[in-house]
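**Q** Quick one: the structure is below, questions incoming.
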Ligand SMILES: [Zn+2]
């Protein structure tokens, strides 16, 4: 490895570490001569950021963690320069149970069933801060299936509540033991 003085396409110069055969180093220097220097590159990125889109992907998932169903909106694309706005819109940065680390929002399935326009509203808010490209994998067939499954669980819990003579259904559903019992009885 050796240090070289590179001249970039923008006319700025900088020191770069190059290794490998001489021909490869020469090729690299030639290529750098067509590129922007790191500072100009950063400046260009910052200038272009506002016109770069956010990609929103809407999907459904069951979590193994709390056995709840969510509609998840995951964001990709130019989110970095808009993170403050995303925070204000209620998005969180982190890993979702199904995907990589990204800005995302979880909508409880019950809320979505009550008002599916909730997703459209969120997309509309996003469009106020960036150009947005949306893809959705939420299909009607899958919705019907999950709804049926939720109802089945609810009905079963009700029966179980009656059978066990419990006053509150929520204690059964929320208590760890109740969930455990439901899981055993379901499988
Ligand atoms: Zn430059």
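The values are calculated or read from the model by the stated rules, or taken from the named source; none is laboratory data. Predicted model only: the values in this text are computed from it and were never measured. Reconstructed Cβ throughout: ideal geometry from the backbone, glycine too, with neighbour counts over all protein chains shown.
**Q** Any chance region 40-50 includes a residue that's more than 16 Å from the ligand (Cβ to nearest atom), part of a helix (DSSP H, G or I) and either in the same structural domain as residue 109 (by TED's automatic domain parsing) or under 34 Å from the mean Cα position of the chain (by Cα) (or both)?
**A** Filtering region 40-50 down to residues more than 16 Å from the ligand (Cβ to nearest atom) leaves 49-50.
Imposing the further condition that a residue be part of a helix (DSSP H, G or I) reduces the set to 49-50.
Then keep just the ones that are either in the same structural domain as residue 109 (by TED's automatic domain parsing) or under 34 Å from the mean Cα position of the chain (by Cα) (or both); that gives 49-50.
Checked region 40-50: at least one residue is more than 16 Å from the ligand (Cβ to nearest atom), part of a helix (DSSP H, G or I) and either in the same structural domain as residue 109 (by TED's automatic domain parsing) or under 34 Å from the mean Cα position of the chain (by Cα) (or both).
**Q** What are the pairs with Cβ atoms under 9 angstrom where one residue, in region 16-43, is over 12 Å from residue 5 (Cα atoms) and the other, located anywhere, is assigned to a helix (DSSP H, G or I) and away from the ligand (no atom under 16 Å from the Cβ)? Sequence gap at least six, or different chains.
**A** Close Cβ pairs (under 9 Å, with a partner that is assigned to a helix (DSSP H, G or I) and away from the ligand (no atom under 16 Å from the Cβ)) amount to 19/25; 20/28.
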